[in-house]
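To start, the structure under review is shown below, and the notes come after it.
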Amino acid sequence: MNPTDEYLIDAFKQQGLITDEILSEVQTSVDNLPEDQVSDPDLALMEGLLAKIGLPQQEVVNYLAAELNMEAVDMEHIDPPTEIISLLQAQWARQYEALPIGDSPTEIEIVFGNPLDEDGLENLTHLLGKAIYPKIAYRGDVLKAIDTAYGSAEDRKMHEFFDGVEGEGIEIGDGVRPEDVSEEDAPIIKYVHSVIKDALEMRASDIHMEPLEKKFRLRFRVDGRLQEQPDPPKRLQPSIISRTKLMANVSLAEKRVPLDGRINVKVGEKVIDLRVSTLPTVHGESIVMRILDKESLSLGLPQLGFFSDDQTVFEQVINMPDGIFLVTGPTGSGKSTTLYSALNVINQPDRKIITVEDPVEYEVAGINQVQVRADVGMTFSAALRAMLRQAPNIVMVGEIRDLETAEIAINASLTGHMVFSTLHTNDAPSAVSRLIDMGVKPFLVSASLRAALAQRLVRSICQNCKQPYEPPASELALLGINTEQASNASFMQGAGCDKCGDKGFRGRKGVFEIFTVNQELEEMIYHNVSIVELRKKAREMGMRNMREDGFRKVLAGVTTLSEVMLVTTEEE
């Protein structure tokens with residue numbers, strides 16, 4: 001229950017207007033109402049109580065206003081113009097139950113339905129960058145006014161988009177046929193399409209639809225951070241989930257186990273694939289759509305975040321005639337993008353490249369790609385064995401997960417193939433210990449491993465609104481430089497603009513640690529020295545760790561110190 005309703009109920013009890021028995025009786029009657037009649041249980045309870053004790057809504061508002069020393073307003077007489085409403089995004093208006101009704105150079109007038117939400121007032125002050133003059137109205141009227149003000153604008157935006165679907169050349173591919181869509185279903189289809197379109201416009205990597213107890217939450221992951229979006233009505237949850245599953249070509253009847261599917265979206269001449277995953281939860285099926293944009297595969301190495309010195313080493317490694325090159329890092333650290341970009345660099349007509357993946361995320365012209373299918377015996381190891389009989393020059397294995405796959409990959413590297421793959425380790429030298437822990441003999445690792453690249457992703461400062469700034473002494477101390485050295489750096493920060501959604505960041509770059517194996521390190525691996533000794537020797541030979549690479553990018557104005565500190569650890 002929201003804090004304002006709790007305050008009012010306590011006041012009603014103190015004044016003898018209601019008892020615990022009356023509260024329980026009204027609560028029971030609300031609980032017994034059909035779900036489609038109760039969009040907001042708190043509001044239904046309050047309206048039930050006011051009806052029970054015969055108290056007018058405006059009288060309650062006036063009482064609360066006097067208690068809180070705020071101005072009470074009647075929403076019937078409030079009709080703010082569009083330019084005032086647009087000062088606050090719909091998602092924040094709904095989250096904080098707040099509607100802007102006036103503006104001046106120094107403050108914004110906002111009417112609140114839940115005025116005791118102190119966090120809301122503080123957050124809105126920060127979001128709007130102005131002082132707020134709060135007013136109070138009956139909560140139900142505020143919620144209706146918000147729906148009227150923002151709902152109509154969103155509906156208009158959605159209809160404008162779908163009315164122009166054919167003209168813009170936007171189509172949904174496999175999974176939805178015209179005969180599947182009835183007149184009744186059309187609004188739900190349009191809603192799901194508009195969600196996908198909005199996610200693409202925001203450069204999101206994932207769309208999350210999450211059923212919670214009292215709401216159906218929608219979030220986009222943009223530049224690695226989840227961002228709340230306006231939630232669809234809870235009552236539409238089953239329809240939205242069913243439509244999304246139909247588009248992904250997975251079973252609508254199966255709701256007990258996780259399912260995987262794909263949706264193809266064509267925007268003009270550009271095709272976007274969405275990998276769809278469903279997961280049964282206690283409040284319904286959670287859906288995540290991962291957006292796979294093929295344009296990210298054509299990124300050049302500088303766009304990935306490589307500085308020229310690391311790029312030179314990287315290019316030397318991927319152009320070696322044989323051996324194994326491993327990219328390491330946790331899920332979501334950009335390993336696949338880096339490997340695909342490497343394949344894109346070396347994808348020439350005189351080279352045969354075969355990949356084995358689970359699943360095949362991106363289809364790349366000129367490369368033979370194999371999908372793992374464990375249900376019919378097409379495992380990583382089985383596919384890898386078959387691939388080697390196709391006489392490839394370069395082999396990419398999506399991930400080395402077990403000893404059998406590791407041994408086949410190593411044998412392939414020892415028989416004249418260049419093998420690319422990924423591992424889940426925290427740093428680059430740990431790739432050696434990970435392979436040995438799997439059961440690979442140290443002499444095989446030493447003979448085959450050419451290099452390992454560890455990486456993390458940091459948000460890039462928005463190029464449109466970046467501006468110089470002078471870091472405090474504490475930041476310079478963390479970076480290990482003095483004031484004189486700082487004068488030669490290009491410290492930047494994002495002010496926030498339309499292009500970056502007022503975040504100050506747009507896009508992401510990698511911070512890297514490249515562990516290349518020379519003869520001395522090869523001998524140490526052969527003798528199975530500890531990872532501590534191996535890392536110490538690599539550092540003596542010039543290996544830069546991820547935090548140091550991140551610091552270089554801070555000094556160059558690519559990212560901020562806080563971003564680097566968030567994703568890297570200090571080396572002891």
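The values are calculated or read from the model by the stated rules, or taken from the named source; none is laboratory data. This one's a predicted model, so the numbers in the text were calculated from it and none came from an experiment. Backbone-built Cβ (ideal geometry, glycine too); neighbour counts: all protein chains shown. Ligands, DNA and RNA are excluded from the accessible area calculation, which covers all protein heavy atoms including side chains. Shrake-Rupley method; radii C 1.70, N 1.55, O 1.52, S 1.80 Å.
Taken one residue at a time, the phi angles of region 251-263 give Karplus couplings (6.51, -1.76, 1.60, θ = phi - 60°) of 5, 6, 6, 7, 10, 9, 10, x, 10, 10, x, 9, 10 Hz. Gly and Pro are set to x. Computed from the alpha carbon atoms alone, the convex hull of region 351-446 holds 108 Å³ per residue. Ligands, DNA and RNA left out, the accessible area of region 189-346 computed with a 1.4 Å probe is 52% carbon and sulfur. Straight Cα distances below 18 angstrom link LYS270 to the lysines LYS197, LYS294, with same-chain residues fewer than 8 positions distant left out.
Given in Å, the Rg to one decimal and the Dmax to the nearest whole number for the Cα atoms of region 63-118 are 11.7, 32.
Across region 403-468, the mean sequence separation of Cα contacts (distance under 8 Å, 6 or more residues apart), normalised by length, yields a relative contact order of 35 percent. In order along region 218-232, the Karplus-derived 3J(HN,Hα) couplings, from 6.51 cos²θ - 1.76 cosθ + 1.60 at θ = phi - 60°, round to 10, 9, 10, 9, 10, 6, x, 10, 6, 10, 5, 10, x, 7, x Hz, and Gly and Pro are given as x. Taking the charge dipole of region 463-572 about its Cα centre, with +1 at Lys and Arg Cβ atoms and -1 at Asp and Glu Cβ atoms, the residue from GLY501, VAL529, MET546 reaching farthest to the positive side is GLY501. Here the alpha carbons of region 33-127 define both size measures, Rg and Dmax, at 15.1, 47 Å.
The Cα-based radius of gyration of region 424-572, divided by its Kirkwood radius, gives an Rg/Rh of 1.09. Measuring with a 1.4 angstrom probe and ignoring ligands and nucleic acids, GLU522 comes out at about 70 Å² accessible. From largest to smallest, the equivalent ellipsoid semi-axes obtained for region 393-484 from the alpha-carbon gyration tensor read 40, 17, 11 Å. Overall, the anisotropy analysis places region 275-340 in the prolate class: the square-rooted eigenvalues a ≥ b ≥ c of its C-alpha gyration tensor yield a/c not less than 1.5, with a/b exceeding b/c.
Please work out whether region 1-80 counts as rounded, prolate or oblate from its C-alpha gyration tensor, where a ≥ b ≥ c are the square roots of the eigenvalues and a/c under 1.5 means rounded, while otherwise a/b larger than b/c means prolate and anything else oblate? Oblate. Within region 382-526, DSSP assigns beta bridges of which about 75% are antiparallel (rounded to the nearest 5). Entry note, region 351-488: relative contact order of 17 percent, from Cα contacts under 8 Å with a spacing of 6+ residues. Between GLU470 and ARG539, residue separation times 0.36 nm minus the direct Cα-Cα distance comes to 21.7 nm. In whole angstrom, note down how far apart the Cα centers of region 204-266 and region 272-351 are. The distance from the Cα centre of region 204-266 to that of region 272-351 comes to 25 Å. Net charge dipole, region 1-85: roughly 300 debye, given to the nearest 20, about the Cα centre with Cβ charges of +1 for Lys and Arg and -1 for Asp and Glu. Roughly to the nearest percent, how much of the accessible area of region 1-50 is carbon and sulfur, given a 1.4 Å probe? Within region 1-50, the accessible surface is 47 percent carbon and sulfur. At 1.306 mPa s and 10 °C, plugging the Kirkwood radius over alpha-carbon pairs of region 318-392 into Stokes-Einstein gives what diffusion coefficient in µm²/s? This corresponds to a translational diffusion coefficient of 116 µm²/s.
Across region 279-410, the mean sequence separation of Cα contacts (distance under 8 Å, 6 or more residues apart), normalised by length, yields a relative contact order of 21 percent.
With one equal scatterer per alpha carbon and no solvent term, the Debye-computed log10 I(q)/I(0) for region 201-333 at 0.09, 0.10, 0.17 1/Å reads -0.39, -0.47, -0.99.
For the chain, what proportion of DSSP beta bridges, expressed in % and rounded to the nearest 5, is antiparallel? Expressed as a percentage, antiparallel bridges in the chain total about 65.
Computed across the chain, the Kirkwood radius stands at 27.7 Å (inverse of mean 1/r, all Cα pairs). The Cα center of region 373-425 and the Cα center of region 470-548 differ in position by 31 Å. What lysines could a cross-link reach from LYS144, if we take a straight Cα to Cα line under 19 Å and drop same-chain neighbours fewer than 8 places away? Within the straight-line cut-off, LYS144 pairs with LYS135, LYS214, LYS215, LYS234. Diffusion coefficient (Stokes-Einstein, Kirkwood radius over C-alpha pairs, 4 °C, 1.567 mPa s) for region 444-517: 86 µm²/s, rounded to a whole number. Taking all protein chains as shown and a probe of 1.4 angstrom, MET1 keeps an accessible surface of around 100 Å². Spatially close Lys pairs in region 419-572, defined by Cα atoms under 26 Å apart and a spacing of eight or more places or different chains, total 12.
Measuring with a 1.4 angstrom probe and ignoring ligands and nucleic acids, SER336 comes out at about 50 Å² accessible. Classify region 261-413 from the C-alpha gyration tensor, please: rounded if a/c falls under 1.5, else prolate or oblate depending on whether a/b exceeds b/c. Here region 261-413 falls in the oblate category.
In the full protein context, the chain carries 50 Å² of accessible surface per residue, based on a 1.4 Å probe and ignoring ligands, DNA and RNA.
Of all beta bridges that DSSP places with both ends in region 334-450, some 10 percent have antiparallel geometry.
Using the alpha-carbon positions of region 478-522, Rg (one decimal) and Dmax (whole number) come out as 18.0, 52 Å.
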